[in-house]
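Scroll down for the structure; my scribbles are underneath it.
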Amino acid sequence: MIPYPSVADLPHFDPDIDVLPAPTSVAHFREQVRSADGILICTPEYAMGVPGSLKNALDWTVSTADFRLKPVMLVTASLSGEKAHVSLLGTLRVIEAVVPEGNTALVRFARTKVGADGITDGPTLSAIQGVLENFLAAL
């Protein structure tokens with residue numbers, strides 16, 4: 001597994017600069033997505049939606065179809081998380097990522113279930129392990 005260092009390194013998406021050659025950080029991000037067997041996204045929900053930096057990263061892949069037919073595991077961990085989770089699933093469908101139903105988890109009240117040492121809630125840990133096993137099997 002190769003984690004991407006930070007989606008914050010990507011410039012704000014602008015169709016006027018979505019040309020080849022792409023900005024260096026964008027080209028690097030796209031190459032990592034393209035070369036991956038699958039993508040694991042774990043995100044909080046901000047202001048009842050998808051964090052802007054994550055949406056920005058996904059926007060940079062639209063014109064190059066880097067997520068097309070790419071298996072994705074999605075974990076949304078937040079107070080509620082439902083709106084971001086649904087929104088992300090919609091975006092992933094639009095960019096033609098493959099997100100089987102068993103490859104997602106919505107962790108509500110995350111602050112009570114996740115600590116500095118990882119997942120502290122047994123049922124949540126079991127659920128995430130099950131989703132991860134599904135994801136790995138899909139690869």
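The values are calculated or read from the model by the stated rules, or taken from the named source; none is laboratory data. Given the structure is predicted, the values throughout are model-derived calculations rather than measurements. Positions of Cβ are generated from backbone atoms using ideal geometry, with glycine treated the same way; all protein chains shown enter the neighbour counts.
Annotation for the stretch 70-85: at least one member residue is in contact (Cβ under 8 Å) with a residue 24 or more places away in the chain, in contact with a Gly (Cβ under 6 Å, 6 or more places away or on another chain) and not basic (Lys, Arg). Filtered by the rule that a residue be assigned to a loop (DSSP other than H, G, I, E, B) and acidic (Asp, Glu), the stretch 10-45 gives 14, 18, 37, 45. Considering the stretch 77-104, the residues that are at pLDDT below 95 and in a strand (DSSP E or B) include one that is surrounded by the most Cβ atoms within 10 Å (Cβ to Cβ), namely 77.
Scanning the stretch 108-133 for residues that are modelled with pLDDT of 95 or more, under 30 Å from residue 30 (Cβ atoms) and either hydroxyl-bearing (Ser, Thr, Tyr) or buried (at least 16 other Cβ atoms within 10 Å of the Cβ) (or both) gives 128, 131. Residues that are surrounded by 17 or more Cβ atoms within 10 Å (Cβ to Cβ), out of contact with any His (no Cβ under 8 Å at 6 or more places or on another chain) and acidic (Asp, Glu) within the stretch 31-65 comprise just one, 59. Checking the condition within 22 Å of residue 4 (Cα to Cα), under 12 Å from the mean Cα position of the chain (by Cα) and of a type in the set (Gly, Ala, Ser), which residue from 97, 36 passes? The match here is 97.
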